[in-house]
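Comments concern the structure below.
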Amino acid sequence: MSEQFFDYINEHSEGEPLYLQRIARRAHVRLLNGRMVSGALQGRLLKMLAELLQPKNVLEIGTFVGYSALCIAEGAPQNAVIDTIEIDDELEDIILENFSTVDFGKKIVLHIGDALQIIETLDNKQFDLIFIDADKRDYLKYYQTVLPAVRSGGVILVDNTLWNGKVFEPPQSADSQTKAIIEFNDFLAADTRVEKIILPVRDGLTIIRKK
């Protein structure tokens, strides 16, 4: 899709709040992979979905600088708790600084470490909403681990499921990330426990509803 296409969408959608503009700008200045920030369009979608779903318990796998967690917190109810997991401990100070910029950042609990291990420590919570945006090679493991912890009617969001269009062609032999996303997409398509749809938002966002 052309740049003009996305410009039009952004111009006619809810604008990115100033606090998120600052977070995104700092990520691009301070970090080599600043483009990993969710971005305005997806961020506003996350906020709107949180407003619609009104989740009390949220899990995010893959915090990066906290942009997406803050979008969810912005739309979630006042008593919501958002557990977010980031494996890179060097990002901890940046994440906590970003959470402190707005009052609803207090809804978010940051966990540093391996997601598959940390999930086991979350007191058998039942989640209303889960957002997965971490190591693509572990997408299927994340999904299989968290699905039992999602309440009936709960929603899982999975980012990057179109992966720059690489999922449309046979992957290169060494491209483990593309292979893993294709494996996840194929598994999910056949999973009768859930309803699912891929939206062509940014790099592909899959919405999954547990039956």
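The values are calculated or read from the model by the stated rules, or taken from the named source; none is laboratory data. Every value quoted in this text rests on a predicted model; they were computed, and no experiment measured them. Here Cβ is always computed from backbone atoms with ideal geometry, including for glycine, and neighbour counts include all displayed protein chains.
Do any helices (runs of 4 or more DSSP H) entirely within the stretch 99-211 hold 1 or more residues that are out of contact with any helix residue (DSSP H, G or I) (no Cβ under 7 Å at 6 or more places or on another chain) and among the aliphatic types (A, V, I, L, M), and if so, which?
It comes to 115-119, 176-189.
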With respect to L46, determine if the residue is closer than 28 Å to D123 by Cβ and touching a Cys at 6+ places or on another chain (Cβ under 9 Å). yes
What number of residues within the stretch 71-98 are crowded, with 16+ Cβ neighbours inside 10 Å, part of a helix (DSSP H, G or I) and either among the hydrophobic types (A, V, I, L, M, F, W, C) or out of contact with any Lys or Arg (no Cβ under 6 Å at 6 or more places or on another chain) (or both)? 7
Some residue of the stretch 113-127 being surrounded by fewer than 16 Cβ atoms within 10 Å (Cβ to Cβ), at pLDDT 95 or above and closer than 16 Å to F64 by Cα: yes
Any pair with Cβ under 6 angstrom, 6 or more apart, that starts in the stretch 34-50 at a residue that is modelled with pLDDT under 90 and ends at one that is of a type in the set (S, T, Y) and surrounded by 22 or more Cβ atoms within 10 Å (Cβ to Cβ): S38/Y67; S38/S68
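Only one of A190, A149, A134 is without any contact (Cβ under 8 Å) to a residue 60 or more places away in the chain and either aliphatic (A, V, I, L, M) or surrounded by 17 or more Cβ atoms within 10 Å (Cβ to Cβ) (or both); which? Break it down into steps so the answer makes sense when it comes.
Numbers: A149 fails: without any contact (Cβ under 8 Å) to a residue 60 or more places away in the chain; A134 fails: without any contact (Cβ under 8 Å) to a residue 60 or more places away in the chain.
From the options A190, A149, A134, the qualifying one is A190.
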